[in-house]
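Take a look at the structure below.
The values are calculated or read from the model by the stated rules, or taken from the named source; none is laboratory data. Just so you know, these numbers come straight off a predicted model, no measurement behind them. Neighbour counts run over all protein chains shown; Cβ positions are idealised from the backbone, glycine included. Each accessible area value is taken on the protein alone, full model and side chains, heavy atoms only, with ligands, DNA and RNA left out. Shrake-Rupley method; radii C 1.70, N 1.55, O 1.52, S 1.80 Å.
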Amino acid sequence: MDLSRTSFFTKDKAFYKTLFPMMLTIALQNIVAYSVNMADNIMLGTYSQDALSGAAIVNQIFFMVQQFAISVGNTLVALASQYWGQSRTSPIRILTGIALKLGIAVSLILVVLCQIIPVPILKIFTSSPDIIAEGEVYLRLISWTFLLFMITQTLMAALRAVQTVNISFWVSAISLLVNVFFNYIFIFGKLGMPEMGIAGAAIGTIIARSVELAIILIYILKKDKKLSLFGKDLFVKAPLLRKDFTKVYIPIMCATVLWGVSVPMQTSILGHLSDNAIAANSVATTFYQYLKVIVVAMSSASAVMIGTAIGRGDMDKIKSDARTLSCIDIAIGIILGLALVLLRKPLLSFYDLNGEAIEMASNLIAIMGIIMVGMSYQMPVSFGIFQGGGDGNFTMKMNLISTWCIVMPLSFAAAFWWKLPVEWVVVVIQSDQIFKCLPTFIHFRKYNWMKKLTRSV
């Protein structure tokens, strides 16, 4: 009897040899990629508090762009990884073309909106004229990166579906170096350039995103041997595959966007409390998001592992693989939560904020350290295992109920009706990361999330 197929934890050595290098590489890539925005935050934090807050508000808008990119990429991975499990690359190329057209359309709409009505968009998040003035400058420039980012992320998702992840790390690493270099020049006016402040940070990011896209295009054209992505299949008409993509995309998009829209809304709640609340939440969220990228990496790796296994049709092994992944998720959450709590003081030393903002940020980081444990379980299971297994409906329904029927009403009440301290408002805002663990666990144990998505084409 093959114990790797029947034991609670998988004993298949190939599983671990594939999972951990993939997870670590994606985590490094995510950390470095997130550092592109982190560089703006830290460098603007040493420039002025209003510039920092303005960039933080705009980054909430960029966060929504990321959610669309994630939903498109996750849909592509869910479908393409199953075809990869069957060693079929032609459907993967067609699906990538479908994903690219959708991503380009969405990003162009967002760019136009940010150019036409930047101030009304920013007023959703804050009423401070100084922060809005800084944010408008940043938004008008940074919105041009949305299209570049969407294309790059879609192409990297296609490569990730076939377990090519190393290039993503190098793309992000080079992008970070480029961004920091040009930020330094343009924000502070070095090497003969004028001092541009927040506009300089945006220009640095534009250059960095352009470099990212150039590198990934060159890699696909010159180095990739698995997909031959820019072949004749890329934009071929395939109504059945388009139907499959749409069927998988709608619940994944709804789940991602329903949750994603709530994040800037939550920032908006804090933004209407005080300027210190905006700055403190920006700093605390930055470090929280920095470690969260490891959880996102586990979600991405889980989706690829489960999707590939389903494509191969090995249903018994999928169960032990999934149980193993879920237990690893919990261990990761405990480690990350402790890291946030123990390192918050040294991390805050990077910022030049007033005393009240620093104390508030320290409290918020400690709260998010606890929240991290719950999130590290439910997110990789619901967004990784379930969606990689072909089931996006559960995550969509769970996010609709938990976020919009429970968390958002309570958050508004906590901030504007009960008038709780900022720290308690954040506890309410983040509480879904804890209570979503129970329905996620119950659905996981049913194993009805395993769905074969491939067809003969």
### Task
Within the stretch 429-457, work out how many residues are farther than 22 Å from residue 383 by Cα and open to solvent by less than 80 Å² (accessible area, probe 1.4 Å).
1
### Query
Restricting attention to the stretch 255-305, which residues are surrounded by 21 or more Cβ atoms within 10 Å (Cβ to Cβ), closer than 15 Å to residue 415 by Cα and of a type in the set (A, V, I, L, M, F, W, C)?
269, 270, 277, 278
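Residue by residue, here is whether (1) more than 21 Å from residue 106 (Cα to Cα); (2) among the aromatic types (Phe, Trp, Tyr) holds:
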{"site": "154", "(1), (2)": "no, no"}
{"site": "158", "(1), (2)": "no, no"}
{"site": "178", "(1), (2)": "yes, no"}
{"site": "184", "(1), (2)": "yes, yes"}
{"site": "199", "(1), (2)": "yes, no"}
{"site": "205", "(1), (2)": "no, no"}
### Query
When the stretch 56-72 is examined, which residues are found to be modelled with pLDDT of 85 or more, buried (at least 24 other Cβ atoms within 10 Å of the Cβ) and over 17 Å from residue 258 (Cβ atoms)?
58
### Summary
Selection from the stretch 203-229 of residues free of Cβ contacts under 8 Å to residues at least 24 places away in the same chain and either within 30 Å of residue 44 (Cβ to Cβ) or within 22 Å of the chain's Cα centre (by Cα) (or both) yields 214
## Note on the structure
Matching residues in the stretch 191-223 (of a type outside the set (A, V, I, L, M, F, W, C) and crowded, with 18+ Cβ neighbours inside 10 Å) number 7
### Query
For the stretch 163-181, which residues satisfy the criterion of being surrounded by fewer than 22 Cβ atoms within 10 Å (Cβ to Cβ) and among the hydrophobic types (A, V, I, L, M, F, W, C)?
167, 169, 170, 173, 174, 176, 177, 178, 180, 181
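Is it fair to say residue 372 is open to solvent by less than 20 Å² (accessible area, probe 1.4 Å) and on the phi < 0 side of the Ramachandran plot?
Values: open to solvent by less than 20 Å² (accessible area, probe 1.4 Å): yes; on the phi < 0 side of the Ramachandran plot: yes.
When the stated conditions are applied, residue 372 passes them.
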#### Entry: Filter result for the condition that a residue is out of contact with any strand residue (DSSP E or B) (no Cβ under 6 Å at 6 or more places or on another chain), part of a helix (DSSP H, G or I) and farther than 30 Å from residue 81 by Cα, over 200, 97
200
### Task
Might you let me know whether the stretch 237-254 holds any residue that is charged (D, E, K, R), open to solvent by 30 Å² or more (accessible area, probe 1.4 Å) and part of a loop (DSSP other than H, G, I, E, B)?
yes
### Query
Do any residues in the stretch 88-100 that are open to solvent by less than 10 Å² (accessible area, probe 1.4 Å) have Cβ atoms under 8 Å from those of residues that are of a type in the set (S, T, N, Q) and part of a helix (DSSP H, G or I), where the two are at least six apart or on different chains, and which pairs are they?
96/154; 99/75; 99/154
### Task
Please verify whether the stretch 302-317 includes one or more residues that are part of a helix (DSSP H, G or I), within 25 Å of residue 363 (Cα to Cα) and aliphatic (A, V, I, L, M).
no
### Task
Note down all Cβ pairs under 6 Å where the first residue falls in the stretch 125-145 and is open to solvent by 20 Å² or more (accessible area, probe 1.4 Å), the second is among the small types (Gly, Ala, Ser) and part of a helix (DSSP H, G or I), and they're at least six residues apart or on different chains.
134/51; 134/54; 137/199; 141/202
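Kindly check whether there is at least one residue in the stretch 128-142 that is part of a helix (DSSP H, G or I), under 26 Å from the mean Cα position of the chain (by Cα), closer than 25 Å to residue 56 by Cβ and of a type in the set (Phe, Trp, Tyr).
yes
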### Task
Could you give me the residue pairs with C-beta distances under 8 Å whose first residue belongs to the stretch 50-61 and is more than 13 Å from residue 121 (Cβ to Cβ), whose second residue is open to solvent by 10 Å² or more (accessible area, probe 1.4 Å) and among the acidic types (Asp, Glu) wherever it lies, and which are 6+ apart or on separate chains?
50/130; 50/134; 51/134; 53/134; 53/275; 55/134
## Note on the structure
Every listed condition ((1) within 23 Å of the chain's Cα centre (by Cα); (2) assigned to a helix (DSSP H, G or I); (3) modelled with pLDDT under 90) holds for residue 416 save (1)
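Residue by residue, here is whether (1) buried (at least 16 other Cβ atoms within 10 Å of the Cβ); (2) outside any helix (DSSP H, G or I) holds:
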residue: 342; (1), (2): no, no
residue: 352; (1), (2): no, yes
residue: 356; (1), (2): no, no
residue: 362; (1), (2): yes, no
residue: 382; (1), (2): yes, no
residue: 385; (1), (2): yes, no
residue: 391; (1), (2): yes, yes
residue: 394; (1), (2): yes, no
### Matching residues, the stretch 290-335, being acidic (Asp, Glu) and more than 20 Å from the chain's Cα centre (by Cα)
314, 316, 321
### Summary
Log entry, pairs with first residue in the stretch 8-25 being closer than 16 Å to residue 316 by Cβ, second being of a type in the set (Ser, Thr, Tyr) and buried (at least 16 other Cβ atoms within 10 Å of the Cβ), beta carbons closer than 6 Å, six or more apart or on different chains, reads 9/324; 10/4; 10/320; 10/324; 11/4; 12/4
### Summary
Scanning the stretch 12-49 residue by residue, those open to solvent by less than 50 Å² (accessible area, probe 1.4 Å), of a type outside the set (S, T, N, Q), over 30 Å from residue 122 (Cα atoms) and out of contact with any Asp or Glu (no Cβ under 7 Å at 6 or more places or on another chain) turn out to be 12, 19, 22, 23, 26, 27
